[in-house]
Structures are given as C-alpha cells and as structure tokens.
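> Can you keep this structure in mind? I'll have questions shortly.
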Amino acid sequence: MAKPEYYYGVHSVESLLELEPERVLTLFTLKGRDDQRLQRILQLAEPFGISVQKASRDSLEKLAGLPFHQGVVAAVRPHPTLNEKDLDELLEQQPDALLLALDQVTDPHNLGACIRTAAAMGVQAVIVPRDRSASLTPTARKVAAGGAEKVAFIQVTNLARTLAHIKDQHHMRVVGTMLDEKALPIQKFDFTGAVTIVMGAEDTGLRPITQSQCDQTVYIPMAGNLQSLNVSVAAGMALYEACRQRNLV
C-alpha cells in the first residue's frame with residue numbers, strides 16, 4: 001500500500017470529507033478540542049466508519065510538518081497523479097474549458113492560493129511543470145482551503161510542449177500575463193471559449209519558451225506606482241476578468 005498523505009487544516013479536511021471521504025484512512029484531532037467546526041468534521045466522518053484518534057499538539061505538528069494544523073490532521077490514501085493524458089480526457093469532455101497554467105511557481109503558498117482562486121472562478125484544471133514547480137504539498141492544500149479537491153491538478157513533463165499540444169489538438173487559445181510591446185490591457189482580450197491563462201513567478205515571469213506558445217499577452221492596468229503583483233493576486237485578477245466575460249459572475 002502506498003504511503004499515506006497528510007491533509008491538515010479545517011477547510012482542507014472538511015472539503016475532503018465532503019468530496020472524497022473514501023480516501024480518508026484516519027482522523028487525528030487535538031486532545032481537548034470540542035468546538036462546532038470539529039463536530040462538523042466528525043459528523044462528516046461518522047457515516048464512513050473513519051477511525052478518529054485524539055493526539056497531542058506535538059503529535060499533530062509532526063504529522064502535518066508545520067504547527068499551523070488547526071487541531072485536525074487526516075491520513076489520506078494518495079490520489080493518482082494527473083498528467084497529459086488526463087488533460088486530454090478533460091478537454092474532450094469540456095471543450096470550452098478555462099485552464100490556469102503556472103510557469104515555475106515554486107512557493108507552495110502561492111500555488112495553494114492560485115488553486116483556491118481557480119476553484120472559486122470555475123477553472124477546470126491547474127497545470128504545472130513536473131520540475132521546478134511547487135506540488136500539492138500539505139501546505140499547498142491547506143492554503144487552497146478545499147480548492148485542491150475541486151480543481152484538477154495536472155503535472156506535465158514539458159509545459160511549452162503541452163501548451164502547443166492543446167492549441168493544436170483542442171483549439172485552445174493561450175494567453176500569457178506579461179508586460180511587453182504587444183500586450184493588451186486584460187479587459188481587451190476575449191476570454192470566451194477555450195482559453196488557458198499562463199502566469200509566471202513574480203521574480204522571473206514567463207520563460208521565453210513559454211512565451212513562444214502564447215497567442216496573445218495581456219497586462220493588468222494599475223493606477224499606483226508599483227507595477228508587479230504577487231502571482232496569486234495577479235491570478236485572481238486575471239481569472240475574475242475571464243469569469244466576468246464568461247458570465248460566470
């Protein structure tokens with residue numbers, strides 16, 4: 001049997017129990033905690049006969065790897081890693097999908113925040129390269145606050161090659177967020193239909209090989225003197241504009 005993964009935090013564990021309770025092997029809860037949020041988690045777990053164990057704060061910290069576990073940790077049967085084949089299947093079923101691709105975003109907090117926003121804005125999948133990118137660590141899942149269970153997370157061997165493939169095979173348009181001479185204000189781009197939004201890390205931006213696959217670049221007009229944003233904030237603004245145009249908000 002594969003080694004279990006550990007989810008922690010109220011939102012993350014609650015969402016998992018609502019959507020995929022069959023994956024939960026054991027719940028570990030903080031000794032002495034008995035509030036309404038915990039009772040909700042225990043009520044969700046009860047019909048599935050999930051084992052519940054009381055644990056000390058130190059024990060929970062060791063399981064989670066961090067002290068910010070909010071008094072609940074779940075040992076979970078690992079989910080299969082999604083790849084290029086899964087992306088093809090998703091796009092065959094949802095040809096007008098809205099996707100978010102992250103180019104070398106290595107901070108799990110940023111990844112988790114992007115996934116949380118993607119789930120809120122109706123994105124079907126978040127795509128990242130397998131190397132030099134954050135993965136769905138317990139920290140990323142915690143920050144995603146349940147979003148990781150609602151959006152497909154797809155790791156690909158070569159992001160630029162994947163973008164070229166979905167353009168060719170699935171007629172996706174790829175729009176990159178960066179400020180160059182050809183970039184449009186983001187509200188001027190048509191986000192209807194099959195679109196992939198590509199975001200780069202705030203320190204390095206999009207790699208040239210990724211830029212080469214973008215049909216159009218866009219930028220977020222700003223009134224202040226600061227011309228760069230945290231990638232998760234920028235992703236939220238870009239996805240909201242896409243969602244607005246697609247009549248989802």
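Since every read-out is calculated from the coordinates, none of them should be taken as a lab result. This structure is a prediction, so every number in the text was calculated from the model and none was measured. In this analysis, Cβ positions are derived from the backbone assuming ideal geometry, glycine residues included, and neighbour counts consider all displayed protein chains.
> Counting just the Cα atoms, what span does segment 129-249 cover along each of its three principal axes? Round to the nearest Å and put the largest first.
Taking max minus min along each principal axis of the Cα atoms, segment 129-249 gives 37, 35, 32 Å.
> Excluding residues on the same chain fewer than 8 positions from Lys54, give the lysines whose Cα lies under 22 Å from its Cα.
Correct list for Lys54: Lys3, Lys31, Lys62, Lys142.
> Find out how many positive minus negative residues lie around Val24, taking Lys and Arg as positive, Asp and Glu as negative, among other residues whose Cβ is under 14 Å from that of Val24. Can you show the working numbers first?
Values: positive: Arg23, Arg77, Arg141; negative: Glu5, Glu14, Glu18, Glu20, Glu22, Glu46, Glu149.
Cβ neighbours under 14 Å give a net charge of -4.
> Name the residue, out of His79, His11, His109, whose mean-square fluctuation peaks in a Gaussian network model built on the chain with Cα pairs under 10 Å.
Comparing His79, His11, His109 in the GNM, the peak value goes to His79.
> Mind listing the long-range amide H neighbours of Leu25? Cut-off is under 5 Å, sequence gap 5 or more, other chains count too, H placed in the peptide plane at 1.01 Å from N.
Long-range HN contacts for Leu25: Ala75, Val76, Arg77.
> Given the options Asn83, Phe68, Cys114, identify the residue whose Cα lies farthest towards the positive end of the charge dipole of the chain (+1 on Cβ of Lys, Arg; -1 on Cβ of Asp, Glu).
Phe68
> Which GluC sites (Glu not before Pro) in segment 145-249 sit in a loop by DSSP (not H, G, I, E or B) and have at most 12 other Cβ atoms within 10 Å of their own Cβ? Working shown, then result.
Working: sites: Glu149, Glu181, Glu202, Glu241; in loops: Glu181, Glu202.
When the GluC sites (Glu not before Pro) of segment 145-249 are filtered for loop state and at most 12 Cβ neighbours within 10 Å, Glu181 remain.
> Rounded to the nearest 20 Debye, what is the dipole magnitude of segment 64-188 about its Cα centre when Lys and Arg each give +1 and Asp and Glu each give -1 at the C-beta? Numbers along the way, then the final one.
Values: 13 positive and 13 negative charges, 67 e Å.
The calculated dipole for segment 64-188 is roughly 320 debye.
> So which lysines can Lys182 reach, going by Cα to Cα under 29 Å and dropping same-chain residues fewer than 8 places off?
Lys167
> Starting at the first residue of segment 170-178, write each ³J(HN,Hα) from the Karplus equation 6.51 cos²θ - 1.76 cosθ + 1.60 with θ = phi - 60°, in whole Hz, x for Gly and Pro.
3J(HN,Hα) across segment 170-178, in whole Hz: 10, 6, 6, 9, 10, 10, x, 9, 6.
> Still on this structure, I have one more. In sequence order, what are the phi-derived ³J(HN,Hα) couplings for segment 97-108 according to the Karplus relation 6.51 cos²θ - 1.76 cosθ + 1.60 with θ = phi - 60°, rounded to whole Hz, with x for glycine and proline?
5, 9, 10, 10, 10, 10, 9, 6, 8, 9, 7, x
> Here's a follow-up. Can you list the HN-Hα couplings for segment 131-147, worked out from phi with the Karplus curve (6.51, -1.76, 1.60; θ = phi - 60°), rounded to whole Hz and with x for Gly and Pro?
Using θ = phi - 60°, the values come out as 9, 6, 8, 5, 10, 7, 6, x, 5, 4, 5, 4, 5, 5, 6, x, x Hz.
> About the Cα centre, and with charges only on the beta carbon of Lys, Arg (+1) and Asp, Glu (-1), how big is the dipole of the chain? Nearest 20 debye, please.
On the way: 25 positive and 28 negative charges, 111 e Å.
Computed about the Cα centre, the dipole is about 540 debye.
> Right, something else. What trypsin sites (Lys or Arg not before Pro) does segment 166-249 have in DSSP loop regions with at most 16 other beta carbons within 10 Å? Don't skip to the end; give the middle numbers.
Numbers: sites: Lys167, Arg173, Lys182, Lys188, Arg244, Arg246; in loops: Lys182, Arg246.
Those satisfying the criteria are Lys182, Arg246.
> Note down the Stokes-Einstein diffusion coefficient of the chain in µm²/s, whole number, using a Kirkwood radius over alpha carbon pairs, 20 °C, and 1.002 mPa s. Mind dumping the intermediate values first?
Working: Rh = 19.1 Å.
Estimated via Stokes-Einstein, D reaches 112 µm²/s.
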